[in-house]
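The values are calculated or read from the model by the stated rules, or taken from the named source; none is laboratory data. As the structure is a computational prediction, the values presented were derived from the model and not from experiment. Here the Cβ positions follow ideal geometry from the backbone for every residue, glycine too, while neighbour counts run over all protein chains shown.
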Amino acid sequence: MPSAQFGWLRRLALFGLVGAASAAVDFGVFMALTWVGLVEWAATAISFLTAFAVNYRGNRDLVFRAGAVPGAIGRYVVLVACNWVGSTALVAALAWSGLPGWAAKLISMALVAAVNFVALRNWVFKRPA
């Protein structure tokens, strides 16, 4: 297998592992907050933010091996803010339509993961030319 193709597969597998760790934190906090009675949209807003450090450092250091890319943290914050708003709105809409909160959260997490891989690779951790 050519090394470029192997590198892409390695990156995708590590992205999955970092994502799983972030998702476990995110989903665990979400479930705990809804268990104690917090509404789904508020629980997802809080839980999404708790996974911030795990996701950033894991993707920066393990997945993309980016180190200190100028401006990366600022771009990551913009990406997270967009993901946070989108995720919160999507969970609220899906829960409002009758979908169980846990299912709405899982759908949102899958969509955010797909968008993030592309954005992290092509924008957040991209080194200047």
**Q.** Qualifying positions in the range 82-102 - farther than 20 Å from residue 116 by Cα and part of a helix (DSSP H, G or I)
**A.** 92, 93, 94, 95, 96, 101, 102
Q. Just wondering, is there one or more residues in the range 42-49 that are surrounded by 17 or more Cβ atoms within 10 Å (Cβ to Cβ) and more than 25 Å from residue 92 (Cα to Cα)?
A. no
Q.
Let me confirm something: among 8, 35, which residue is out of contact with any Pro (no Cβ under 8 Å at 6 or more places or on another chain), aromatic (Phe, Trp, Tyr) and modelled with pLDDT of 90 or more?
A. 35
Q) Can you find a residue in the range 25-39 that is among the charged types (D, E, K, R), over 10 Å from the mean Cα position of the chain (by Cα) and surrounded by 12 or more Cβ atoms within 10 Å (Cβ to Cβ)? A) no
Q) Is there a residue in the range 42-54 that is modelled with pLDDT of 90 or more, closer than 14 Å to residue 121 by Cβ and either out of contact with any helix residue (DSSP H, G or I) (no Cβ under 8 Å at 6 or more places or on another chain) or not charged (D, E, K, R) (or both)? A) no
Q. Out of the range 59-77, which residues are part of a helix (DSSP H, G or I) and aliphatic (A, V, I, L, M)?
A. 62, 63, 72, 73, 77
Q. Which pairs do you get when a residue that is part of a helix (DSSP H, G or I), found in the range 46-58, comes within reach of a residue that is basic (Lys, Arg), reach meaning Cβ atoms under 9 angstrom, with the pair 6+ apart or on two chains?
A. 47/105
Q.
All but one of (1) more than 26 Å from residue 128 (Cβ to Cβ); (2) modelled with pLDDT under 90 hold for residue 57; state the number of the condition that does not hold.
A. (1)
Q: Collect the residues in the range 74-129 that are polar (S, T, N, Q) and closer than 20 Å to residue 35 by Cα, keeping them in residue-number order.
A: 87, 88, 108
